[in-house]
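The values are calculated or read from the model by the stated rules, or taken from the named source; none is laboratory data. Predicted model only: the values in this text are computed from it and were never measured. Note that each Cβ is placed from the backbone with ideal geometry, even for glycine, and that neighbours are counted across all protein chains shown. Protein only, heavy atoms only, side chains kept; ligands, DNA and RNA dropped before computing areas. Shrake-Rupley method; radii C 1.70, N 1.55, O 1.52, S 1.80 Å.
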Amino acid sequence: MPDLPAAPASDHLTTAETSQRLVLAAGKLSRALCSMAALSAADGAALMLANEANGLHAVGGSTAEGLELEYAQEFERAGPAQESVAADQPVAVNDLADQAGPAYAQLARRAAPVRAVLSVPVRLDGAVIGALDFYRRTPGTWTDEQIALGEHLADTAANLVARLAAHP
């Protein structure tokens, strides 16, 4: 995974200023994920970023249920985001409850009411840095057009993450 651009160093930032910058960055990410969900006609969108030592971690979601989906995948170390990052390709799950294996069964319970998930890898400088998930509350097939749009929005997410890291 490539290193994200470092934020400008400043010895003069107070804890309050640092907290304010983090809140502003989180707000920008949240608004971007809400926009991505609307563009994709999904019920929501959520982002996980990779940490080489600890795997994928939830970063944000357009809804609370999206964050729960990401936390469930983080905890179970299984799910479409994990598979998408490992394979470096989109993974479309039409119904979490129909996927085989105990990890998916647990994921489906924890992520309810989310049922269908499209996970696309997020790449920066050619390396996978995470996964962007789109989700729906009802089971259903993801179309080729939805997958292509998801890949385009994952590129947008990568650019946003890089900009937020460089200029909080």
- Kindly write out, for region 52-59 in residue order, the coupling ³J(HN,Hα) from the Karplus curve 6.51 cos²θ - 1.76 cosθ + 1.60 (θ = phi - 60°), rounded to whole Hz, with x marking Gly and Pro. 3, 6, 10, x, 7, 9, 5, 10
- Query: So how tilted is helix 102-111 from the main axis of the chain? Cα-based, degrees 0 to 90, rounded to 10.
  - Reply: 60 degrees
- Item | Label point distance in nm, Ala38-Gln89, each placed 7 Å from Cα along Cα→Cβ | 3.4 nm
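Sort region 96-167 into rounded, prolate or oblate with this rule: let a ≥ b ≥ c be the square roots of the eigenvalues of the Cα gyration tensor; rounded if a/c is under 1.5, and if a/c is not under 1.5, prolate when a/b is larger than b/c, oblate otherwise.
Taking the square roots of the gyration eigenvalues as a ≥ b ≥ c, region 96-167 is prolate.
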- Query: How far is helix 15-40 tilted, in degrees, relative to the longest principal axis of the Cα atoms in the chain, given as a value from 0 to 90 rounded to the nearest 10?
  - Reply: 30 degrees
- Item | Cα-only Debye scattering, region 40-96: base-10 log of I(q)/I(0) at q = 0.27 Å⁻¹ | -1.28
- Message: Restricting to Cα pairs below 8 Å that are 6+ residues apart, what does the relative contact order work out to for the chain? Please round to a whole percent.
- Response: 25 percent
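Carbon and sulfur atoms: what percent of the 1.4 Å accessible area of region 28-92 do they account for? Intermediate values should be presented prior to the final figure.
Working: 1490 of 2880 Å².
Percent of accessible area from carbon and sulfur atoms in region 28-92: 52.
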- Item | D (Stokes-Einstein, µm²/s), Kirkwood Cα radius, region 66-138, 1.002 mPa s at 20 °C | 180 µm²/s
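Summing +1 for each Lys or Arg and -1 for each Asp or Glu, what net charge is found among the other residues whose Cβ lies under 11 Å from the Cβ of Val122? Let's see the in-between values first.
On the way: positive: Arg123; negative: Asp88, Asp133, Glu151, Asp155.
Neighbourhood net charge equals -3.
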- Message: Rounded to whole Å, give me the distance from the Cα center of region 110-168 to that of region 56-85.
- Response: 11 Å
- Task: Take Val93, Val59 and sort them by solvent-accessible surface of the protein heavy atoms, 1.4 Å probe, largest at the top.
- Result: Val59, Val93
- Note on the structure: Along region 68-83, Karplus-curve 3J(HN,Hα) (6.51, -1.76, 1.60; θ = phi - 60°) to the nearest Hz, with x for Gly and Pro, reads 5, 4, 5, 4, 5, 5, 5, 5, 6, 6, 8, x, x, 5, 4, 5
- Message: For region 26-168, compute the orientation-averaged projected area of the C-alpha convex hull (one quarter of its surface), in nm².
- Response: 7.7 nm²
- Taking the simple approach of a point 7 Å from Cα along Cα-to-Cβ for both Ala112 and Phe75, what is their distance in nm? 1.4 nm
- Message: If you count only protein heavy atoms with a 1.4 Å probe, what accessible area per residue comes out for the chain, rounded to a whole Å²?
- Response: 51 Å²
- Highest average packing first - 145-158, 115-128, Cβ atoms within 10 Å: 115-128, 145-158
